[in-house]
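Please read the structure below before turning to the comments.
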Amino acid sequence: MPQASPYTAGLVTRRPLGCLFEIVETLVLTLIIFFVIQTFVAQPYRVEQMSMENTLQPDQYVLVDKLTPRFDPYSRGDIVVFQPPDGWSEGTQNTPFIKRVVGLPGDTIEVKDGAVWVNGTKLDESYTYDQQPTTAAQEPARWIVPTGQLFVMGDHRAASADSRSFGTVAIDRVIGRAWLRYWPLSTFGILQTPTYPAPVGNGDARPTPAVP
């Protein structure tokens, strides 16, 4: 008859420690992956302002793409999340802003006759809130977008603090491109970038010389 293996206390007492080590290792790895994704790939963002109504409503959640802008520059019509310009943060939280790209480097932007004009062509903007006219503090208003900058506006023009007030936004202050609305589930969907017909087009934010 085969002999039973002798009882070894050491083998029994080491198993809980091994399980604990595996749990800690898994948690650390999960945190590292989460950090990498949040920092370099995608990040959730809660809409806190009314400036993008009706495209986005307060308390909706969007997923911000941080990866593709590294090789696919921002285009006209993209919805972007960015750090607010100095002096425009709300309270002490420095809440990011979310707006739509209207002007790209080298563009001449004008606000007149209740509309936005890009390089002399009126922009067709069916996404604006209740088709409100676009106005500026002083009209006609004119801006030239410098290299490395974007001109942004909220879709709810009457409720938006944007480039009409604080000027252009440096691309290096942009966190990423909002591309997916995922909460509430009833609003789930991809945030499509509108197509602008020629001669305006969508363009991209590659450096170009300013238009005189």
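Values quoted throughout were computed directly from the atomic coordinates according to the rules given, and no laboratory measurement underlies them. Because the structure is a prediction, the values reported are computed rather than measured. Note: ideal-geometry Cβ built from the backbone for every residue, glycine included; neighbour counts use all protein chains shown.
Listed highest first by mean packing, meaning other Cβ atoms within 10 Å per residue, what order do 166-177, 115-126 come in?
166-177, 115-126
With the Cα gyration tensor of the stretch 48-204 giving a ≥ b ≥ c as the square roots of its eigenvalues, does the rule (a/c under 1.5 for rounded; else a/b larger than b/c for prolate; else oblate) give rounded, prolate or oblate?
Rounded shape, in that the Cα axes give a/c under 1.5.
So what's the net charge close to residue 139: Lys and Arg +1, Asp and Glu -1, counting the other residues with Cβ under 15 Å from its Cβ?
Counting the neighbours of residue 139, the net charge comes to +3.
Based on alpha-carbon centroids, what's the gap between the stretch 53-68 and the stretch 125-186 in Å, whole number please?
The two parts, judged by their Cα centres, are 14 Å apart.
Order of 75-81, 51-57 by packing, highest average Cβ count within 10 Å first?
75-81, 51-57
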